[in-house]
Structure formats: structure tokens, C-alpha cells
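Worksheet: the structure to be examined is printed underneath.
The values are calculated or read from the model by the stated rules, or taken from the named source; none is laboratory data. This structure is a prediction, so every number in the text was calculated from the model and none was measured. Note that we place each Cβ from the backbone using ideal geometry, even for glycine, and neighbour counts take in every protein chain shown. All accessible areas refer to the heavy atoms of the entire protein, side chains included, with ligands and DNA or RNA removed. Shrake-Rupley method; radii C 1.70, N 1.55, O 1.52, S 1.80 Å.
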Amino acid sequence: MRHRKSGRKLGRNPSHRKAMFRNLVTSMIEQEQIVTTVAKAKEMRPMVEKLVTLAKNNLEGKVDAADRVAAIRQAGKFVRGRDALYKLFNDLGGRFEERPGGYTRIMRMGTRLGDNAQMAVIQFVDYVADVAEDMDLEVAETEVVEEAAEA
């Protein structure tokens, strides 16, 4: 029985799962929006939100330099790449300074063609691009593929 076991395994061993989430979180910070499965998005959301809270609580000028460096190093254990760390602490932390939490949203997109997996877009709540246009583009592409397959 799997009582009191939290988290999804996603068909991966622990080291692969950790590496996958590190990559997803880094991509989310860099691009501010990614397309993934609903299960991965739901598992990834608390990780992203904790990192944004860490950045928000350690803004330059709010804490002394030693605490800020410690926070950057703590986030660096999970986030890959200096560019993502820089953006997290210098851009995202300041953008969400007044927001008490809930920095991300998950919007379902439909199913993936190959395996019928539920897909979702996870993005920061102040992301400005229109996701509906992206979804219409993907629907149009699948219709073209289906028409070509029929011909």
C-alpha cells in the first residue's frame, strides 16, 4: 500500500526525476512559460513557487549582502545556469514583491497526439503572451497533418 507517500513517480527513478524537474524549473524561469504534461506541471509548481519566494524575500536592499549570496547559492543547488539565477533574483523576485503567493498558473491544452497524454501550459501569472493563439496554431497544424495522412 502507498499510504502517506506524497508525490508522483512519473515512471522515473529518483535521480532522473530530480534532474527532469531541475531542467523544467530552469526552463520555466528562463522562458516564463512551458508546455508539459499536467502531472509534471502540478508537481513542478511548488518548486517554482518556493524559488520565487526565496528570491522575493532576498531582494537587493532588503537584506544584507551575505544573506542574499546565501539565498542565491541555495537556489543555485536546484536551478541550472547563471542566467536563470540572475533572472530569478533580479527580475522575478522584484515583479512578485507585492504578491503573497500563487505566482504560476496551469492551463490545460488538450491531449498529445502520440500517447493521448493530458498537456498543459504552466506560466507565471503576469505573463503577457496570448496562449490561445499558440493553441490555435497547434490545432491548425494537427488538422493539416490529418489531411495529409488521409490523402
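List of remarks:
- Remark: pairs (first residue in the stretch 94-120, closer than 13 Å to Lys40 by Cβ and modelled with pLDDT of 95 or more; second residue open to solvent by 80 Å² or more (accessible area, probe 1.4 Å) and assigned to a loop (DSSP other than H, G, I, E, B); Cβ separation under 6 Å; 6+ apart in sequence or on different chains) = Met119/Arg112.
- Any hit, the stretch 4-17, residues being open to solvent by less than 20 Å² (accessible area, probe 1.4 Å) and either modelled with pLDDT of 95 or more or within 21 Å of Arg105 (Cα to Cα) (or both): no
- Phe78 in a helix (DSSP H, G or I) and among the aromatic types (Phe, Trp, Tyr): no
- The number of residues in the stretch 24-76 being under 9 Å from the mean Cα position of the chain (by Cα), at positive phi and open to solvent by 40 Å² or more (accessible area, probe 1.4 Å) comes to 0.
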